[in-house]
Amino acid sequence: MVSLRPYYAEKPWRSEAEHGGGSLFNQGVHNLDLMLWLFGAVDSVQGKTATLGHTHAVEDTTAALLSFASGTLGVIVTSTALPPGRPAVLRLFTDRGSCELANDSIVRWDFADVAEPPSAAGVGSAASDPKAIGIEGHVAQWRDFVQAVRERRPPASTFRDGFEAARLVDAVYRSAAEGRAVCPNEISAEAIHAS
């Protein structure tokens, strides 16, 4: 089993809330971003956070119930308090079928009328060794941004996409701190910058 202590020691900001650390903002934000892309805006969120496996001040475990404007319900759970080796998983349940994705692989596909798409040939998982996290996704995003500037087109990932993901993270943290459901629209850009 790989210890997470070197992961936090290598980059101390990973355990500092004011610098974007914590299991939700550092790791879980990517799945939250994907959920926003798939299901649209979130009307309200109810969150809980805890520090269960470490001694640092920032949370290492988060659970949140997301109520999307579309009527969809979503749950996200993040943790760096678990033993390494489990990839990030997204499970989708609909009235037409379900699927399970583990990082860039399709683990289960149960849509009778839709052919299973191929798994991505992407960066894979650093779940077994958190220090092995690659930068390929970030590089691809920067390349697209540079190309978008050259071509005078919007980038694939816009500022608004990043803002909404950060605002949703802040709403989860605020919900956990205040013990109430929070609407992400309550949180202004200034509040995100100040947190």
Could you please tell me which pairs satisfy a Cβ distance under 6 Å, a separation of 6+ or placement on different chains, a first residue in region 10-37 that is loosely packed, with under 14 Cβ neighbours inside 10 Å, and a second residue that is not in a helix (DSSP H, G or I)?
13/21
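Could we say that residue 58 is assigned to a helix (DSSP H, G or I), open to solvent by less than 30 Å² (accessible area, probe 1.4 Å) and on the phi < 0 side of the Ramachandran plot here?
no
The rows are residues; the columns are (1) within 21 Å of the chain's Cα centre (by Cα); (2) modelled with pLDDT of 85 or more; (3) among the basic types (Lys, Arg).
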position	(1), (2), (3)
101	yes, yes, no
118	no, yes, no
130	yes, no, no
134	yes, no, no
138	yes, no, no
141	yes, yes, no
144	yes, yes, no
148	no, yes, no
151	no, yes, no
Counted residues, region 161-178 - those being open to solvent by 60 Å² or more (accessible area, probe 1.4 Å) and under 15 Å from residue 38 (Cα atoms)
1
The condition from (1) in contact (Cβ under 8 Å) with a residue 40 or more places away in the chain; (2) under 27 Å from residue 136 (Cβ atoms) that residue 49 misses is numbered (2)
Sole miss for residue 65 among (1) part of a strand (DSSP E or B); (2) among the aliphatic types (A, V, I, L, M); (3) open to solvent by 60 Å² or more (accessible area, probe 1.4 Å); (4) more than 23 Å from residue 87 (Cβ to Cβ) is condition (4)
Residue count, region 77-93 (criterion: within 19 Å of residue 56 (Cβ to Cβ) and touching a helix residue (DSSP H, G or I) at 6+ places or on another chain (Cβ under 9 Å)):
5
Can you find, within region 68-77, the residue that is farthest from residue 22 (Cα to Cα) among those that are surrounded by 13 or more Cβ atoms within 10 Å (Cβ to Cβ) and either under 15 Å from the mean Cα position of the chain (by Cα) or among the aromatic types (Phe, Trp, Tyr) (or both)?
68
Suppose the filter is surrounded by 11 or more Cβ atoms within 10 Å (Cβ to Cβ) and either of a type in the set (Ser, Thr, Tyr) or at pLDDT 95 or above (or both); does residue 80 pass it?
yes
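The values are calculated or read from the model by the stated rules, or taken from the named source; none is laboratory data. Computed from a prediction, not measured in an experiment: that's the story for all the values here. Using ideal geometry, Cβ is built from the backbone for each residue, glycine included, and neighbour counts are taken over all protein chains shown. All accessible areas refer to the heavy atoms of the entire protein, side chains included, with ligands and DNA or RNA removed. Shrake-Rupley method; radii C 1.70, N 1.55, O 1.52, S 1.80 Å.
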